Structures are given as C-alpha cells and as structure tokens.
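Remarks on the structure that follows.
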Amino acid sequence: MAMMEQKNPFMVVVVIQFIYALYFLLTKLAFDVGMNTFVFVFYRQAIATLFLAPFAFFFERKTAPPLSFCIFIKIFMLSLFGITMSLDIVGLGLKYTSASLGAATTNTIPVITFFLAVLLRMEKLNIRTSPGIIKIAGVTLCMGGVAIIAIYRGPFVKILVDHHLIHDNHLHQIQQNVPSTKTWIMGVLLMMLSSFSWAMWLVLQGGVLKSYPSKLLMTTLQCFLSTIQSLVVAAAVARDPAQWRLGLNIRLLSIAYCGIVVTGLTFYLQAWVIEKKGPVYLAMTTPLIMVFTIIISAIIFGEIVRLGSILGALLLVGGLYFVLWGKGKEEERAKGSFQTSGGA
C-alpha cells in the first residue's frame, strides 16, 4: 500500500466510483433474470469475507489494537445499518428501477453526507468565506443535476449507432424496459432511504476508525457481521431453495464481482480515503457513478440516453469540482494559518 500512499486520493475515488458503476449494471442484470435481492446480498458479503479474511489475518493480525466490546458493538451497528440495510434496500430499489436511475439517486449521498457531517461538527461550513460559498455552490449544482435527471427526461440521444458490444435481444429489452410511475416512485424512495443509510455509514465510520485504525481488519469484520445479518434476512424472506442456487451465469458473475471487487476492494479503498480526506470528500465524488454508468450503458448495451440525463450529469460533474475546489482552498488556508502560527 506504500505506492497508493503516494497517489492522489482523487484518483483513488475515481476508481471507486467506476467500480460502483459496473456494480449497478451487473446487479441490475442479475435481478432482471430472477436473482433474489436478499440472497444476492448474502452471497456477496460471504464472498467478500472469504476474500478479505486471509489478507487481514496476514497483514494486520500483529499490529491491530485490541477489539473492545464497545468498539465491536459500534462495528456491528455500522454493519447492520450502513451495509446490510443499505444493500438490501438498494437491491429492491434497483429491481424496481434501472441501472441509470440507481446511479443517479446515489448523487443524493453528497448532500446528505455534507449536512450530516456539518450537524455532527465533522465538517466546517462558513458561508462568509469564499471556500464556504464555493462548497454551497457545488452542492447546489449537484442538487440541480439530480432534479434535472429526475424531472426532465427530454428527447432520446443515441451516443453510439449500432456499435455496442452486446447484441443480445433480451439484454436490449431489459435496458429499454420503462417502469410504471408507481414502481418508479417506490424505487426512488427506496434509493433515497439507502442513500441516507450509506451517508450515515460514511460519516460514522470515520469516528470508529479513530478508535480502531486497522482498516483492513475492520472492513473484514464488517463484511463478516453483515454476512450473518444478511443471512438472517434472506432466510426469512427467500424460503424457496431454488432462489439460492447458482450456476455459471450472470448471477454468479455479479455476485463474484460485487463480493471481491466492490465489497472486498472498494470498502478498503473507501476506508483509506475517509481516513485521508474525510467522508464528505469521498461522498462528493458519487456524481461520477452516474457519468460512468451512462457511458458504459451506451458502449456495452447500446442504451439510448435521454438529454435530461446528459444535462444533469454535466451539472453533477460541475458541482463535484466546485466542492473539491472549495475543500482544497480550505486546506490551503488551514495550512497557511498553521505555518504562520508555527513561525510566530
């Protein structure tokens, strides 16, 4: 990890959000072919635990601080509300909507995380300074982008003409399927609830990391606890043995990708970014998921994107850079003040 320590955290979060874009697409495909959402979450977390456990044992078993009962309870609650509940809810929301809409609603996470962090005094906001004004402008642009995507659909814009990589008619029909208004509203509400749960997880995880700084071991423990929690939920909901069977198909591919890459790798990268730059910095890059999802959907599946999605994505990216610019100015001012006081 020494090489990663020297890299720009922004490059790390770009990789994280690209991974999440692929997650929305593969997961949506798995659900559309009949995969139970709760069973999916259990398998995903179980694979992630099996993948991470050897690395955590090898790299951090000697350096990890003692795990007190109080810290264990905090990690258990983080797993329950931030991972298990969030993944189960987002699975239902994604089943009722589409990959693009799922990616779009994640852009509420920056706004929720920002206000939660301000409320808990983990993030400073001074509207009398230029960095504070820039951050407010960035959040406003993000909200405007989400509003345009949700309200204004506009005409179809086909990015690629008959050059997408997958020509399977079934997959094309899945991508073009438009949910009913009632289903769409239910899906959006579920996505919003999941975003709130995820934002709380981002904010509260920073405090737990200060008490238990072993990021890899804590990530593994969260995955293990989430595996047990999601098993209880899935066993109560999915009682048909056929819903638990896997084969060499999109279900297994999605589970393996989500378990190893999304949960196993990305959760650790997120903990690294939170420790280095804070939860708001990570959350503010979620608009990139929407951008990546639109691009991948167009290239791989030949999806015809609406003009509203493109305009909204542009606003989201603009808001992202405004917020990061504001945070950068704050860090420069803080560093300058520290040097001045140190010199004095």
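Worth pointing out:
- Each part reduced to its alpha carbon centroid, the range 15-60 and the range 243-259 end up 9 Å apart.
- For the range 4-139, with +1 on Lys and Arg beta carbons and -1 on Asp and Glu, the positive-most of 20, 93, 109 along the dipole: 109
- Put a dot 7 Å past the Cα of residue 189, heading toward its Cβ, do the same for residue 50, and the two dots end up 3.8 nm apart.
- Largest first, the residues 112, 83, 228 sort by 1.4 Å accessible area into 228, 112, 83.
- At a probe radius of 1.4 angstrom, the accessible area of the range 189-240 per residue rounds to 40 square angstrom.
- Rounded to the nearest 0.05, the FRET efficiency derived from the C-beta distance between residue 15 and residue 321 at R0 = 22 Å is 0.80.
- Virtual spin-label span in nm between residue 59 and residue 152, 7 Å along Cα→Cβ: 4.5 nm
- Rounded to the nearest 0.05, the FRET efficiency derived from the C-beta distance between residue 73 and residue 256 at R0 = 41 Å is 0.85.
- Of 74/124; 28/62; 74/327; 74/329; 215/329, pairs whose Cα-Cα distance is over 31 Å: 28/62; 74/329
- For the range 3-68, the share of accessible area belonging to carbon and sulfur comes to 72 percent (1.4 Å probe, ligands and nucleic acids excluded).
- Cα gyration tensor category, rounded, prolate or oblate, for the range 47-150 with a/c compared to 1.5: oblate
- With a Förster radius of 41 Å applied to the C-beta separation of residue 239 and residue 124, the computed FRET efficiency comes to 0.25.
- Rounded if a/c under 1.5, otherwise prolate or oblate - the range 206-314, Cα gyration tensor axes: oblate
The values are calculated or read from the model by the stated rules, or taken from the named source; none is laboratory data. Note that the structure is a prediction, hence the values are computed from the model and not measured. As a convention, Cβ positions derive from the backbone with ideal geometry for all residues, glycine included, and neighbour counts pool all protein chains shown. What goes into the accessible areas is simple: the full protein's heavy atoms, side chains included, and nothing from ligands, DNA or RNA. Shrake-Rupley method; radii C 1.70, N 1.55, O 1.52, S 1.80 Å.
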